[in-house]
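The values are calculated or read from the model by the stated rules, or taken from the named source; none is laboratory data. Only a predicted model underlies this, so the values are computations on that prediction, with no experimental measurement involved. Methodologically, a virtual Cβ is constructed for each residue, glycine included, from the backbone with ideal geometry; neighbour enumeration extends over all protein chains shown.
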Amino acid sequence: MNKYLGLLLFAIALLSSGFIYQTYYRPSGVGGIKSTGKVAIINMRVIKNHWKWDPSIIKIAAGTKIVLSIYNEDTYDHGFAIDVFGINRRLFPQTTTTINFTPSLSGKFNFYCSVPCGDGHYDQIGTLIVGEEKDTSALVPNKNFACNATNKLVKDGGEIIANRN
Ligand SMILES: [Cu+2]
């Protein structure tokens, strides 16, 4: 009987410590963000023979669902990947591919081409910014993106669309 009582007390202590941490101590930057029900519809293209995303910078409010339609203008495949959100989709030639996801973290993330596609493959990088500017100072690296160790930011402008609501 004592054994079960001990187990029960341990379970209660474990659950309540988790609850207390989640409620009072967890920093706001840790853990997933809640969906706000807002949707950002983004039309993107891969510019023919330029290995560039257009737009190459996307900025959304935290909790916004992204409906991203990408038209690949090239006659060969590309891929769209963001490691931290588990996204990696093939973009077939002269076809629109739609990817739906709600970023579960705020921050600054690179998206990149995940299919070896030619001369500009390693430069085919864009940036997704989720949330307030102050939350997004550090770039979250793509751990699978071994082909470019610096995991650099996009240098050339790009337009900001789907701004915060
Ligand atoms: Cu590529």
| said: I need the full set of residues from segment 98-130 which are assigned to a loop (DSSP other than H, G, I, E, B), surrounded by 18 or more Cβ atoms within 10 Å (Cβ to Cβ) and either more than 12 Å from the ligand (Cβ to nearest atom) or not assigned by TED's automatic domain parsing to the domain that holds ILE70 (or both), in order please. | reply: THR102, PRO103, SER106
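Out of curiosity, is ILE70 within 16 Å of the ligand (Cβ to nearest atom), closer than 28 Å to GLU132 by Cβ and within 20 Å of the chain's Cα centre (by Cα)? I'd like the intermediate steps shown before the answer.
Details: within 16 Å of the ligand (Cβ to nearest atom): yes; closer than 28 Å to GLU132 by Cβ: yes; within 20 Å of the chain's Cα centre (by Cα): yes.
Taking the combined requirement at face value, the residue satisfies it.
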| Which is outside any strand (DSSP E or B) and without any contact (Cβ under 8 Å) to a residue 40 or more places away in the chain, of LEU68, LEU8? | LEU8
| task | Name, by its number, the condition in (1) under 17 Å from the mean Cα position of the chain (by Cα); (2) assigned to a loop (DSSP other than H, G, I, E, B) that does not hold for HIS50. | result | (1)
| task | Take segment 84-97 and flag every residue that is surrounded by fewer than 16 Cβ atoms within 10 Å (Cβ to Cβ) and outside any strand (DSSP E or B). | result | GLY86, PHE92, PRO93, GLN94, THR95
| field | One residue from ALA40, ALA81, ALA62 being in contact (Cβ under 8 Å) with a residue 60 or more places away in the chain, more than 15 Å from the ligand (Cβ to nearest atom), under 28 Å from GLY131 (Cβ atoms) and part of a strand (DSSP E or B) | value | ALA40
| request: Kindly check whether there is at least one residue in segment 143-155 that is over 27 Å from THR36 (Cβ atoms) and either modelled with pLDDT of 85 or more or among the aromatic types (Phe, Trp, Tyr) (or both). | output: yes
